Amino acid sequence: MQRTVPLVIVFALGIFFIIQYFIPSHPSQVVFNTMIDWDIAMSVFALVIAIDSSVRHHFTKIARRQPQWGYSLVFLLAALLMTVAGLAGGTGEGSFYMKLFWYIQSPMQTTMFGILGFYMASAAYRAFRAKSMQATLLLASAFIVMLGLIPAGATIWKGMPRLSEWLMQVPNMASKRGITFGIGLGATATSLKIILGIERNWLGGT
């Protein structure tokens with residue numbers, strides 16, 4: 001019974017919203033907007049559950065002295081500090097909360113993006129090594145696109161910017177659309193499996 005009721009609810013709502021999307025009407029639109037409002041309200045409770053789960057996870061890691069438990073301690077202290085700062089001093093411009101954000105969190109985010117840039121450069125170096133015909137085409141295309149985006153490319157050949165734009169708008173766009181179609185088909189298949197009760201991992205348990 002505990003599994004049957006959620007499956008019936010998901011099936012009924014899934015079929016209803018599929019019909020509502022393809023055959024819209026005023027009553028169904030009212031129900032749809034009401035469900036969106038309910039989703040927003042329930043997301044608040046879901047956020048509370050997520051915070052509780054995260055805190056329990058890190059407390060357990062600290063209590064058991066699991067590997068890298070010090071990071072969990074830093075996380076909990078930082079979360080507590082930001083929460084107290086926001087509740088006590090507000091979140092307006094010039095508050096202690098915003099100072100923590102601008103002078104601690106923001107520089108750390110910038111550092112992470114900087115590290116990500118080096119990671120992308122390393123990945124690009126490994127991907128662009130011409131070990132096969134596909135890798136050679138990728139290397140040549142990337143080289144042309146980069147040349148077309150800088151002034152030196154037009155100096156070398158006036159048609160370089162147009163060739164670069166063509167590569168971005170035709171072959172690259174065709175690949176992006178193929179990937180988008182694949183994502184759409186995968187999302188549709190997964191949604192149908194959940195609606196029809198074939199995929200039940202979201203129910204939890206084994």
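The values are calculated or read from the model by the stated rules, or taken from the named source; none is laboratory data. Note that this is a predicted model, so its numbers are computed, not measured. Reconstructed Cβ throughout: ideal geometry from the backbone, glycine too, with neighbour counts over all protein chains shown.
The table below lists the values:
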| read-out | value |
| --- | --- |
| Candidates Ala140, Ala124 - the one that is modelled with pLDDT under 85 and either more than 30 Å from Thr83 (Cα to Cα) or out of contact with any Asp or Glu (no Cβ under 6 Å at 6 or more places or on another chain) (or both) | Ala124 |
| Residue within the range 103-121 that is closer than 30 Å to Phe143 by Cβ, among the aliphatic types (A, V, I, L, M) and modelled with pLDDT under 85 present | yes |
| Enumeration of residues in the range 21-59 that are over 20 Å from Thr83 (Cβ atoms), in a helix (DSSP H, G or I) and of a type in the set (Ser, Thr, Tyr) | Tyr21, Ser28, Thr34 |
| Verdict on Ala78 being over 29 Å from Lys193 (Cα atoms), without any contact (Cβ under 8 Å) to a residue 12 or more places away in the chain and exposed (fewer than 14 other Cβ atoms within 10 Å of the Cβ) | yes |
| Test: residue in the range 81-89 that is surrounded by 13 or more Cβ atoms within 10 Å (Cβ to Cβ) and either free of Cβ contacts under 8 Å to residues at least 12 places away in the same chain or outside the structural domain of Val55 (by TED's automatic domain parsing) (or both) | yes |
| Candidate set: the range 166-206, residues that are outside any helix (DSSP H, G or I) and surrounded by 12 or more Cβ atoms within 10 Å (Cβ to Cβ); chosen: the one modelled with the highest pLDDT | Leu196 |
| Looking only at the range 121-145, and only at residues there that are in contact (Cβ under 8 Å) with a residue 12 or more places away in the chain and either surrounded by fewer than 10 Cβ atoms within 10 Å (Cβ to Cβ) or part of a helix (DSSP H, G or I) (or both), the one that is nearest to the chain's Cα centre (by Cα) | Ala124 |
| Residue check, Phe118 surrounded by 11 or more Cβ atoms within 10 Å (Cβ to Cβ) and more than 30 Å from Val10 (Cα to Cα) | no |
| Residue in the range 13-40 that is farthest from Leu196 (Cα to Cα), counting only those that are of a type in the set (Phe, Trp, Tyr) and within 26 Å of the chain's Cα centre (by Cα) | Trp38 |
| Selection count, the range 103-120, where residues are hydrophobic (A, V, I, L, M, F, W, C) and over 23 Å from the mean Cα position of the chain (by Cα) | 1 |
